Each structure stands twice: as C-alpha cells, then as structure tokens.
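Remarks on the structure that follows.
The values are calculated or read from the model by the stated rules, or taken from the named source; none is laboratory data. Since the model is a prediction, treat every value here as computed from it, not as a measurement. We place every Cβ from the backbone using ideal geometry, glycine too, and count neighbours over all the protein chains shown. What goes into the accessible areas is simple: the full protein's heavy atoms, side chains included, and nothing from ligands, DNA or RNA. Shrake-Rupley method; radii C 1.70, N 1.55, O 1.52, S 1.80 Å.
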Amino acid sequence: MSGRRPFVGGNWKMNTDLASGEALARTVGAECVPGLGSLDVVVFPPFPYLQSVGGALQGSAIELGAQDLSSEANGALTGEVSAEMLMDLGVAWVLVGHSERRHRLGESEALVEEKLTMALESGLSAVLCVGETLEQRRAGRAHEIVRHQLTSALHRLSADFAREIVIAYEPVWAIGTGVAATASDAREAHHEIREFMSSRYDSELASGVRIVYGGSLVPGNAKTIFAELGVDGGLVGGASLKAGDFLSICSAATIGIAAG
Ligand code: PGA
C-alpha cells in the first residue's frame, strides 16, 4: 500500500442555491459518517453557503472547504474573503490555483503562490490545482507547464507545509468537457509531479504527498483512474452536484487506490 490516505473533493463551483446546497450536503453527509471509510472527503460550496452547508455536515465525516481565499490577512479589499473569516465558519480546506481562476479570472502565478502561503500559514489545508491547456498539451509542453506552475507555487514553501498539501492534477481540457484524461495520461502526469516533488524537496516527502486527479471524473471512469499508480483520489466538479455520483466516486476511492 502507498500509505497515503485517499482524498476526494467536491468542487461545487458557482452552483446550487441555499436550499439545494444544504440538501446536497445533508444527503452526502448522511452516507459519510465518521469511521466508515479511510478517506478524506471535502465539499467546496460557494462562499455564501459555507455556514449553512457546514451546519448540514455536522456529525458527518465530510469536511468543509472554500473555493478561494484572499492573499491578504485583512483590510480595504472589497469583495475579498480572508483565511481567518473562512476558519471562523469552520472551513478546514481551500482550493488554490484552480484553472478557472487562473484562466478565466486572470489569477497570476504570483497570486497563486501568495494565496497558498497565506492558507497554510493561517492553518488551513490546501489543494493546489495545476494542469495544462489543450494547446500546451498539443505542443508537447504539458509536463513543462505543470512543473513551471509547481515551481512558482512552491518556491518559498517549507517542506513541513509542502508535505501537507494535496496537489490536484487537472488538465484544463478535461475540466467540464466530459473528456477525462486517459488513465495512463493521469498516471504519467502524477508520476512527473511526484518526481518534481522529489527533486524540489526529497523522495520521502514525494512518496507521502497526495496527488489527485480532476477533470470530468464520473462514477464510470473513477475506478479505472483511481486504480493507476500514484493517483490518490480526485477533485470532482459536475458529478459532485449529484449525491449518488459523488458518493460512488468516494467509494471508488476507498477501494480503487493502487499502491506506489
Ligand atoms: P469537472 O470539474 O469534474 O466538472 O470536470 C473538475 C474541477 O474543476 O475541479
């Protein structure tokens, strides 16, 4: 066994409303009770619903995550949400560097790095998202791009923080398209990321850090992808909005994770 605890995140993005978000959390929470499975399950609802979703998850084994945070601690930053505010609401995890923020909202590598550092220094756990676009993949630059994103995001991060992060490999062309990476593409990318972590830190840290796959994960492909060497779970977008699909991806993660 790899010894790494599987991780499954449900990124709800800008979806649900107050009532449907709460209902979704209650349904998945009722199935994920403490002690049931040896995996981390986190849901990432929109900011305005964090508190009510957190309430609906009470008593379940599912942790609460936020989709973003400010790189600053506080101050005159209209519309921003700080790490401390998130923690006030019981948030334990945060997504950093999601491709929709990088590509659609213009988030720079420098900002991703600042947000990651802010999250970890504040006591939040972080999922760092990386991945190449279709053009970059076609140009044969997929690994180079991911290495570059990791180099930038981790350039001043200590090993103590780095060993705790979850890295989500999310090829941009697979997100929300219905076209997931093939299992072997995922394995190869995860291997490259682990190699990077070994050279940036050391082999012991690299073999312990969790790397999950994201991009059009559904119950029908999760088991195959999770069975690949070095894939420690997934970050789920669209399918996390359907309780049954999300739960079935979670159960695929508890049984399907390969050693190595
Ligand atoms: P998707 O999104 O599962 O809808 O492709 C994944 C993600 O963006 O994390």
(request) Quote the relative contact order of the chain in percent (integer), defining contacts as alpha-carbon pairs under 8 Å separated by 6+ residues. (result) 22 percent
(request) Identify which of L128, L64, L120 has the largest mean-square fluctuation in a Gaussian network model of the chain, with springs joining Cα atoms closer than 10 Å. (result) L120
(message) How large is the Rg to Rh ratio of region 46-101 when both quantities use alpha carbon positions and Rh follows Kirkwood?
(response) 0.98
(request) Only helical DSSP H runs with n ≥ 4 go in: add -39500 (n - 2.57) per run for the chain, normalise by residue count and round the 222 nm mean residue ellipticity to 500 deg cm²/dmol. (result) -12000 deg cm²/dmol
(request) Name the long-range amide H neighbours of G233: under 5 Å, sequence gap of 5 or more, or other chain; modelled H, no Pro or chain starts. (result) F7, Y213
(request) Considering only G238, G131, G176, give the residue with the highest GNM mean-square fluctuation for the chain, with springs between Cα atoms whenever their separation is below 10 Å. (result) G176
(message) Taking 35 Å as R0, compute the FRET efficiency from the Cβ-Cβ separation of V218 and H103 and round it to 0.05.
(response) 0.95
(request) Compute the projected area of the convex hull of the Cα atoms of region 66-193, averaged over all viewing directions, and report it in nm² to one decimal place. (result) 8.4 nm²
(request) Report the equivalent ellipsoid semi-axes for region 7-256 in whole Å, largest first, defined as the square roots of five times the eigenvalues of the gyration tensor built from alpha carbon atoms. (result) 25, 22, 17
(message) How are the alpha carbon pair distances in region 186-260 distributed across 10 Å bins from zero to the largest one, expressed in percent?
(response) 21, 48, 24, 7
(message) Rounded to the nearest 10 Å², what accessible area does R141 have for a 1.4 Å probe in the complete protein model?
(response) 90 Å²
